[in-house]
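The values are calculated or read from the model by the stated rules, or taken from the named source; none is laboratory data. The model shown is predicted, which means the values in this text are computed figures rather than measured ones. As a convention, Cβ positions derive from the backbone with ideal geometry for all residues, glycine included, and neighbour counts pool all protein chains shown.
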Amino acid sequence: MRVLIAAILGGLVFFFWGFVAHEVLGLGQVGIKDLPNEQVVMPVLSSSITEPGFYFFPGLGLPPNPSSEQKKAAMQQFQQKASSGPMGFLIYHPIGNQVLTMRQLGREFGLDVTLALIAAILLSWTGGLTSFASRVAFVTLAGFMAALLTNFQYWNWYGFPANYTLATMATQVIGFFLAAIVIALLVGRRRSTNSI
């Protein structure tokens, strides 16, 4: 019961921090730019791309079931095109997409509670973390690991802006730290009662 309560309260803290980080502090907009010449680019996108998706360019241009020779040649061409530019990716919705809906907020809250639940379960399984500070540090370090994984890879492989990457990681790590305070207050104080 302590773990479940910690998950719900920790998720609430995480969710509220996300609002503060994005809407009050503006960390969610760091490194994001408006599309230049949007009036010119948008009609071209609308006439060129009809299906929603995750598009990477330049593309490999491989046929279905390519041979190893075709893959090798396509990779060489890709490296030449990528090094001479432009290169990037596009997440595209041709008919638009609603933003900040109740469904999206509900999914985010569900994610935050799930993250807090996983952190609380892991904390309940640890031994020797009897001090409040060590429990907070444990959950925060787990959050740092989660924040580092995907964000670093997106920076490394896809070229996400460094300032965007750092702001996103900071938002996530601070969120885990704040949730960790709540979780550590409820989980792990009495080692004999640590059960899920």
Filtering the stretch 90-113 down to residues that are surrounded by 13 or more Cβ atoms within 10 Å (Cβ to Cβ) and not in a helix (DSSP H, G or I) yields Y92, P94
Of all residues making up the stretch 166-182, the number that are in contact with a Phe, Trp or Tyr (Cβ under 7 Å, 6 or more places away or on another chain) and surrounded by fewer than 21 Cβ atoms within 10 Å (Cβ to Cβ):
3
Exactly one of (1) modelled with pLDDT of 95 or more; (2) closer than 23 Å to L100 by Cα; (3) surrounded by 11 or more Cβ atoms within 10 Å (Cβ to Cβ) is unmet by M42. Its number?
(1)
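Within the stretch 45-69, restricting attention to residues that are farther than 19 Å from H93 by Cβ and within 26 Å of the chain's Cα centre (by Cα), which residue is surrounded by the most Cβ atoms within 10 Å (Cβ to Cβ)?
Let us first name the residues in the stretch 45-69 that are farther than 19 Å from H93 by Cβ, namely 58-69.
Imposing the further condition that a residue be within 26 Å of the chain's Cα centre (by Cα) reduces the set to 58-59.
On the way: P58: 16, G59: 11.
The extreme case among them is P58.
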